[in-house]
Amino acid sequence: MYNESSQLFLNQASVEERTTFYRKTYLHVALAFLAFILVEYVFLSTPAIVNIGLKMTQGWTWLLVIGGFMFITSYAEKLAANYDDKRTQYLGFGLYIIAEAFIFVPLLYIAMMYSGGTAILEQAFLVTLALFVALSAVVLISKKDFSFIRTALTVGSIVAIGIILAGMAFGFDLGLAFSGFMVLLAAGSILYQTSNMVHRYTADQYVIASLGLFASFMLMLWYIIQFFMSRD
């Protein structure tokens, strides 16, 4: 059962409660990424999964994969937001990590083949981490409410889907500019999710808060990897 303080929004909680919430949230993000790496290692070490991953990027199949991923994401977020059962929250988070690891299979495999190793992945991770920390710090230090960018993120996502569909229909490469646009969209998502953590969640909602931050981090990582691969 939740105590009274856990029902307060974080900006109404004590300094100690806010500090505990932030620590739990970012610890969960870090652990989620470690779990992602472990699951990804298993997937990439399994030829059958790699073959499925490569085949699912062909033609319109990729659109179905994206649609399935969005459905799983929505379901996982619903589970992670469950107030009554922590096990259900972690089930949702775990489901999302597995889905994220699966959809990353073709990108990571191609990136490693492209660079002959993990050089691009290491560079992309460091850049993504630096941007994630910087953007999070902007919100945590300023305490500014970035909920106003939700509409822009929604519109940006619709535009991105439209560009992807056009690329599939007319056979053109999305290229460097699109990756740059998506990195900016992911940056906005990090600001928005961090703002939600500060202003919209209660002291006991660190699981759903960490899922939102992790999802934004992975979105940025995806397109920074693509950005690096599109430079040549």
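The values are calculated or read from the model by the stated rules, or taken from the named source; none is laboratory data. What you see is a predicted model; the values in this text were computed from it and never measured. Cβ placement follows ideal geometry from the backbone for every residue including glycine, while neighbour counts extend to all protein chains displayed. When the accessible area is computed, the model is the full protein with side chains, heavy atoms only, and any ligands, DNA or RNA have been set aside. Shrake-Rupley method; radii C 1.70, N 1.55, O 1.52, S 1.80 Å.
Using a 10 Å cut-off on Cβ atoms, rank the peptides 107-113, 201-207 from the highest mean neighbour count down.
201-207, 107-113
Sticking with the crude label model, points 7 Å out along Cα→Cβ, report the distance from T151 to L129 in nm, one decimal please.
3.8 nm
Taking a probe of 1.4 Å, how large is the accessible area per residue of the range 18-75, in Å²?
62 Å²
Can you tell me the dipole magnitude for the chain around its Cα centre, using point charges on the Cβ only (Lys, Arg +1; Asp, Glu -1), in Debye to the nearest 20?
160 debye
Hey, which of these cross-link pairs are over 28 Å Cα-Cα: K24/K144; K55/K86; K24/K78?
Over 28 Å Cα-Cα: K55/K86.
Just the number, please: carbon plus sulfur as a percent of the accessible area of the range 4-94, 1.4 Å probe, no ligands or DNA/RNA counted.
Carbon and sulfur atoms account for 67 percent of the accessible area of the range 4-94.
Per residue, how much space in cubic angstrom lies within the convex hull of the C-alpha atoms of the range 155-232?
In the range 155-232, the Cα hull volume divided by residue count equals 85 Å³.
Run lengths n ≥ 4 of DSSP H only: what is the helix-derived mean residue ellipticity at 222 nm for the chain, with -39500 (n - 2.57) per run over all residues, to the nearest 500?
Result for the chain, helices only: -28000 deg cm²/dmol.
Put +1 on the Cβ of every Lys and Arg and -1 on every Asp and Glu Cβ in the chain; which of A80, I149, V207 then has its Cα farthest towards the positive end of the dipole?
I149
Could you work out the Rg to Rh ratio of the chain, with Rh taken as the Kirkwood radius (inverse of the mean 1/r over all Cα pairs)?
Here the Rg-to-Rh quotient is 0.97.
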